[in-house]
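Derivation of every value follows stated rules applied to the coordinates shown; laboratory data play no part. All figures in this text were calculated on a predicted structure; none of them were measured in a lab. When we count neighbours, we look across all protein chains shown, and the Cβ atoms used for this are built from the backbone with ideal geometry, even at glycine.
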Amino acid sequence: MRLVLCGFVLGVVLLQQQPALPGPLGWGFGATLWVAAIALAAVLAARCRANPAEPGNGAGAPIARMAGAMRLGACFFAAVVAGFGYAAGRADLRLRDALPAQWEGRDLVLSGHVHGLPVRDARSMRFLFSVDTDEVRRDNGIERFPPLVQLSWLQRGGDRMPTLVPGERWRLTVRLKRPHGHANFGGHNLEATLFARGVRATGYVAGAATARRLPGSAGGLASAIDRWRFALAARIGEALSAAPHRGIVLALAIGAQEAIDSADRAVLRRTGTSHLVAISGLHIGFVAGLGAALAAWLWRRSCFFGAKLARDGSREWPLIVPTPIVAAVAGTFCAAAYAALAGFNVPAQRALWMLIVVSLAFVFGRSVAPSLVLAWAAALVVIVDPWAVVAAGFWLSFGAVAAISLALHGRLRIRSPHGDEMADDLLDPFTATPRAADPPRRSRWHFVRRGIARAREQLAGALRAQYAVTIGLAPLTAFWFSQISLAGPFANALAVPWVSVLVTPVVLIGVALPAPFDSIAFELAHALLEPLMRILQRLSDEQWAEWRMLRPSAVALACAAAGVVWCLMPRGWPLRFAAPIAWLPLAFPPPASPEPGEFRLTALDVGQGSAIVVETARHALLFDAGPGPESTHAGERIVAPYLLANGLPELDALVVSHADADHAGGAPAVLEAVHVRQLLGGLPPANTLWRAARAAGAETVRCASGQRWRWDGVDFTILWPRPGPLPVTSNAGSCVLKVEADGFAALLTGDIDAAVEGALQREATAVSGVSDALAADVLLVAHHGSKTSSTESFLDSVRPRIAVFQVGYRNRFGHPHPGVWSRFVARGVELTRTDRDGAARIALRNGVLTLERYRDTHRRYWMDR
């Protein structure tokens, strides 16, 4: 059964890696394979029954064993095909609800209700809106419309945003677009997250003045649970209005991690304690145990209704239904209620399904192995949500439980002469030798010694579990977050018992108490958090607290996983001491840098902005840093994570072409995240970036034509602006950088206009007598393809083979301009634009210029659908 369940999960995982869903031919081929596998398994099962592998069967035993192994293989393959087909069917149904392309950017009047908890900040509110699709179909003639959309309500002028309550019905004028996220190498895939949540369109409330609240509510039980969570969030907000760690208390109560402050989030990430603020198995198990203990206590005392069933008898309810069964059922219901309070995130689902499987086995008098429980939980999670496997939470949650099970299951036990495991009660706690089953006399220190022994055993088990989690999750955290928290074991040794034993119970008491007593519990929980967060803050400030690394390849990840399994095997396993050798590809990946004399250019997808990474054999340069907090926070959310995930914790140079926010806004976040040796910029002297760079220890130099340097056989030349005062307009003062190696050149132009392009042509001709000084294989198109740049004569001077347009999806400027685009098309230039292709990576390999578009090489079936 484990093999079948794991095969089903594997099939779901394989489907989520596909660039496209199977067509009619693929469905027919898959059905044929499934039927053939089932038939083969049935035939082999009959063969095994006809030739049982018994000791006296002689020559038939090997055949029977081989047939049994083949039968298991056929069952596993059938389960993989079934999982693949199930996930494909669910995906096909969800893809049918895509927003029609012709309705993007148009005003639509939608009726529906608020779904889930709105997320609010100072200037906007983001919420999910469940649409009345029948009304849309009737009013607009749209055959299929997304049943769930994500909307933003922006605060404009003096207007006040309303308070949106889950389940409330509204009539809104909205403007929608298809789900679109930034697509970068090693970056977060927003489109996958939206698709997994069932969000098939995003947009904003276009007519706030016309928004109207409708009578009644909708959503049924789901909205009732969300209203409960909303009310709890409001109570916690009132009790801890000015508390610095309010978001953590809120996350422990209702699983709303969006409210955690960015500073607290950074501390938790660096110390490896983020799992403590996610309602997961630890918290679900605590609530289940508490509910089971309370139910058992009440049931044994007949819970006020257990009067005698007979006049002369003493038969009570526990004699009708055994107390352990009542406790198991009550604990499961309490766990389900707490998982609902957490919003049924993946770790909570995993813990709940495991508890349900164990409880059912207990009620029906069956024993079930931990590995089978985990396999059932994984299968049930992906049946409910096939897209859970695209999130880190699925792998981290199941990986942690698997590592703990493997580590604790490997304890050596003393066996009796008959081969049976001896009960723990029959072993001396200090000498581990058999003792009398019924000793005639017990020392008065017997119970003290026994208590000490059990405490020692529990401490050893907790340490081994922490060791297993640290070792087991290291490859996964390296893959998902390109980091390993070295401070994690020390931080968790303190934080796990502190949060589990002190903070979480107090939060739960606050959830259960009515007002105003709940505020006392929430304030106490926050007071307990403050000393812990101070300790974690000091740990996170240490330089060694976090190990940043290159995102591992599939081979390195597989080797590390094998090393983890080998290391967690029981004592005495052969060559267990050599397991860390398997981690070498993870810890010391092969260099991915270009060869000396070559360079690689990566144009990141940062929306309407610019950020280009140039790498040589031993150096790295970032040209512009994308938008900042005023727009998409690209510097913090895209550029800095990309640098760290791709093994670039240090930049030799950060070039900020000019002061416009879409080029310079992300620079402060980059200066904070990575070490920058030098800042070059076309910035006015009063610009705050100069001070921020100097505070970060970077040398500051203003861009000026004629500046040159050479790294690893690659030449860098600043072509613009001229020395002296900067031009009046910011765009005209953009730095222009040319990067050259043997047989390969790139020209990075910032936001220069036609006048600057003409000046560059004249200066190139005056210096060299010909215009070849501007010639480049790769051109970063100036000003995102605006009609004010990329003149015919400039393109004739550059003669690019590849042109990169860094533009935002459906940007309000209409970039790139159709006329500019047509100029490149007429010249046969290979074009790439980040809104359609995602990040573009260009390199010269063995004399061949290669262009890799992220959405081509990493395509998934939900992209742009």
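Taking the helices alone, the chain has a mean residue ellipticity at 222 nm of -14000 deg cm²/dmol, built from -39,500 (n - 2.57) per DSSP H run of at least 4 residues and averaged over all its residues. A crude spin-label estimate for the pair Met1 and Ile581, with each label 7 Å from Cα along the Cβ direction, gives 3.9 nm.
For region 613-627, 3J(HN,Hα) computed residue by residue from phi via the Karplus equation (6.51, -1.76, 1.60; θ = phi - 60°) reads 9, 10, 10, 10, 4, 9, 9, 9, 9, 10, 9, 6, 10, x, x Hz, glycine and proline entered as x.
Calculate the FRET efficiency for Ala45 and Ser367 from the Cβ-Cβ distance with a Förster distance of 35 Å, rounded to the nearest 0.05.
On the way: r = 25 Å, r/R0 = 0.71.
Efficiency at R0 = 35 Å is approximately 0.90.
The mean sequence separation of alpha-carbon pairs under 8 Å and at least six residues apart, normalised by the residue count of region 101-218, gives a relative contact order of 31 percent.
Given R0 = 56 Å, the distance between the Cβ atoms of Ala453 and Arg859 translates into a calculated FRET efficiency of 0.45.
Modelled this way, with points 7 Å down the Cα-to-C-beta line, the labels at Glu672 and Arg171 are 4.5 nm from one another. Once each part is reduced to its C-alpha centroid, what is the distance from region 489-543 to region 87-116 in angstrom? What the calculation gives is 41 Å, centre to centre. Values [x] 34; [y] 43; [z] 26 are given for comparison; percent of Cα pairs over 52 Å apart, derived from the coordinates here, is the one labelled [z]. Projecting label points 7 angstrom from Cα along Cα→Cβ for Ala696 and Arg810 puts them 3.3 nm apart.
Summing charges over all other residues whose Cβ lies under 14 Å from the Cβ of Leu536, with Lys and Arg as +1 and Asp and Glu as -1, gives -1. Only Cα pairs under 8 Å and 6+ residues apart enter the sum, and on that basis the relative contact order of the chain stands at 9 percent. When peptides 75-82, 840-847, 211-218 are ranked by their average number of other Cβ atoms within 10 Å per residue, the highest-first order is 75-82, 840-847, 211-218.
How would region 600-857 be classified by its alpha-carbon gyration tensor: rounded, prolate or oblate, with rounded meaning a/c under 1.5 and the a/b versus b/c comparison settling the rest?
Details: a/c = 1.27, a/b = 1.16, b/c = 1.10.
It comes out rounded by the Cα gyration axes.
Efficiency by 1/(1 + (r/R0)^6): what FRET value for Glu763 and Ala20, r their Cβ-Cβ distance, R0 = 60 Å, to the nearest 0.05? Intermediate results must be reported in sequence, preceding the final value.
Values: r = 50 Å, r/R0 = 0.83.
In this case the efficiency is close to 0.75.
Please report the antiparallel percentage of DSSP beta bridges with both residues in the chain, rounded to the nearest 5. Close to 70 percent.
Rounded, prolate or oblate: pick one for region 176-282, where a ≥ b ≥ c are the square roots of the eigenvalues of its C-alpha gyration tensor, a/c under 1.5 means rounded, and failing that, prolate if a/b is larger than b/c, else oblate. Intermediate values should be presented prior to the final figure.
On the way: a/c = 1.82, a/b = 1.14, b/c = 1.60.
Taking the square roots of the gyration eigenvalues as a ≥ b ≥ c, region 176-282 is oblate.
Computed from Cα positions, the angle between helix 370-384 and the longest principal axis of the chain comes to roughly 50 degrees. Expressed as an acute angle from 0 to 90° and rounded to the nearest 10, what is the orientation of the C-alpha long axis of helix 517-540 relative to the principal long axis of the chain? Between the helix axis and the principal axis of the chain, the angle is about 60 degrees.
Any idea what angle helix 281-300 forms with the longest principal axis of the chain, computed on alpha-carbon atoms, 0 to 90 degrees, nearest 10? Value to nearest ten degrees: 30.
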